[in-house]
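A quick write-up on the structure given underneath.
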Amino acid sequence: SSAELIAMGPERELAGDIMSEVDRLQAWIRKLLAYAQQGGRALEPVRLDEMLNHLVSAHAGRMDRQGVTVRCDWPAQLPTALADAPALEQALDNLVSNALDAMPGGGELRLTVAPHDQGLEVTVADTGVGISPEDLRRVFTPFHTTKRTGIGVGLPLARRSVERLGGSLRLLSTLGAGTQAILRLPLRPPTTAHTD
């Protein structure tokens, strides 16, 4: 609040720096709390196409600034998945955000959803910088990060969210060519997903 008051005066630029750092710290705290406290929420039917469209809208400004185009591909009649909607949205948001981080100078973000076995497969693919084989082996290790401003809980949290639902998350990546995050989600998670 004090920084917002300062922003009305001549020290506006310094106040902006303070507020952006506070926003960044709040985002870190939310991720840490989600990682520590995950589980226990009721499952509900989720429309993945609607969730992904919402995420595209939420990141539209950043995509425009970075020169990233987006391509969405999924059937018109997509079955609903039974999931912890906030946790799944956070997992997908993290994958989209990571893809944009990998394309600071522009590129293409591809979001696809397709039926797979008894569930759905969601792919978040970018044409960014890619991940080295060494880092790729450690991306799901909590607190391992290659980002200057990262804390290393986004991908472990995303994987934990999906595994609680009986699904899986894996990454494929080539340096200089981009990364694919492949999330497989059953339409009916195991009953133990309700009690974790």
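Amide H contacts of L109 (H built 1.01 Å from N, in plane; Pro and chain starts excluded): T69, V70, R71 sit under 5 Å, all sequence-distant by 5 or more or on other chains.
Largest first, the residues H116, H54, H59 sort by 1.4 Å accessible area into H54, H116, H59.
Over segment 57-145, the Kirkwood radius and the radius of gyration, each from Cα atoms, give a ratio Rg/Rh of 0.99. In whole percent, and with a 1.4 Å probe on the protein chains, what portion of the accessible area of segment 80-123 is carbon and sulfur? With neighbouring chains kept in place, the figure for segment 80-123 is 47 percent.
The values are calculated or read from the model by the stated rules, or taken from the named source; none is laboratory data. Just so you know, these numbers come straight off a predicted model, no measurement behind them. Accessible surface areas use protein heavy atoms only, side chains included; no ligands, DNA or RNA. Shrake-Rupley method; radii C 1.70, N 1.55, O 1.52, S 1.80 Å.
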